[in-house]
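**Q** Sharing a structure, written as structure tokens. Questions coming.
The values are calculated or read from the model by the stated rules, or taken from the named source; none is laboratory data. In this text, all values refer to a predicted model and were calculated from it rather than measured experimentally. Glycine also receives a Cβ, built like all others from the backbone with ideal geometry; neighbour counts cover every protein chain displayed.
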Amino acid sequence: MVAVAAREELRSLAEHAGDELAGASALEVLTWADEHFGSGWCVTSSMADAVVPHLASRVRPGVDVLFLDTGYHFAETIGTRDAVAATMPVTLRTLTPKRTVAEQDESFGSRLYERNPDQCCALRKVMPMRAGLASYVAWASGLRRDEAESRADAKVVEWDARRSMVKLNPIAGWTQDDVDTYIADNGVLVNPLLFDGYGSVGCAPCTRRIKPGEDARAGRWAGTAKNECGLH
């Protein structure tokens, strides 16, 4: 089992697979992961939609799906998470930061997301996700190349050097039309905010609706130079 392989063996495996599976389908990428890692891989989902959890459940029913509850989510996002847990053959795990929002406000002052969004993301996203992923060898995300320039070079399988894990981006090559078609064909759950002008759904204080012609992630941290939370 590759799950017990040394770090350098995992890195080599990921880099080789990134090239070998470049033209593979999302299901083929996830099947490759399941064959190599068994129950040692998981899915992370922001609950903008349940496309990747749905795909993963077709390969491994009961697959772990990690959702990061930052304490700042829209009610619609929490509702989508609960609906996924109730209706899909997955094991939903909710991760939370060490501090509640109130405790963070007491330690760092209120509205940290305005004054230092990178620190807020580190405390409420990056650190709890690192802890949540620690028991896995590989993790799958819904990252796509067409979402933003910062994601244009994503491979379907990569080496996540920060976490010493294999990272799977099974729908990296999909377009929004591909996503919409899969959702329609399979009745996949979608966050209702995506029908209300939002192109990407994050924490409520840092997310706005997008304008015509903007890329899907333009509504995240709008007005700042920030375009990623640090998870990818």
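**Q** If ASP118 satisfies every condition in (1) under 27 Å from VAL137 (Cα atoms); (2) in contact with a Leu (Cβ under 9 Å, 6 or more places away or on another chain) but one, which is the exception?
**A** (2)
**Q** Here's another thing I want to ask about it. So, in the range 81-115, of the ones that are hydroxyl-bearing (Ser, Thr, Tyr), farther than 14 Å from THR44 by Cα and not in a loop (DSSP other than H, G, I, E, B), which residue ends up modelled with the lowest pLDDT?
**A** Top of the filtered list is TYR113.
**Q** Right, VAL63: within 13 Å of the chain's Cα centre (by Cα), in contact (Cβ under 8 Å) with a residue 12 or more places away in the chain and buried (at least 17 other Cβ atoms within 10 Å of the Cβ) or not?
**A** Criteria not met by VAL63.
**Q** Is it the case that the range 22-40 has a residue that's under 29 Å from GLY197 (Cα atoms), in a strand (DSSP E or B) and of a type outside the set (Ser, Thr, Tyr)?
**A** Looking through the range 22-40, none of the residues is under 29 Å from GLY197 (Cα atoms), in a strand (DSSP E or B) and of a type outside the set (Ser, Thr, Tyr).
**Q** What is the one condition in (1) of a type in the set (A, V, I, L, M, F, W, C); (2) closer than 25 Å to GLY223 by Cβ; (3) in a loop (DSSP other than H, G, I, E, B) that TRP174 does not satisfy?
**A** Going through (1) of a type in the set (A, V, I, L, M, F, W, C); (2) closer than 25 Å to GLY223 by Cβ; (3) in a loop (DSSP other than H, G, I, E, B) one by one, TRP174 breaks only (2).
**Q** Of a type in the set (A, V, I, L, M), in a loop (DSSP other than H, G, I, E, B) and crowded, with 19+ Cβ neighbours inside 10 Å, is that true of ILE210?
**A** No, not satisfied.
**Q** It is to be established whether one or more residues within the range 43-65 are part of a strand (DSSP E or B) and touching a Phe, Trp or Tyr at 6+ places or on another chain (Cβ under 6 Å).
**A** Scanning the range 43-65 turns up at least one residue that is part of a strand (DSSP E or B) and touching a Phe, Trp or Tyr at 6+ places or on another chain (Cβ under 6 Å).
**Q** Out of everything in the range 116-166 that is polar (S, T, N, Q) and in a loop (DSSP other than H, G, I, E, B), what residue ends up being surrounded by the most Cβ atoms within 10 Å (Cβ to Cβ)?
**A** In this case the residue turns out to be SER141.
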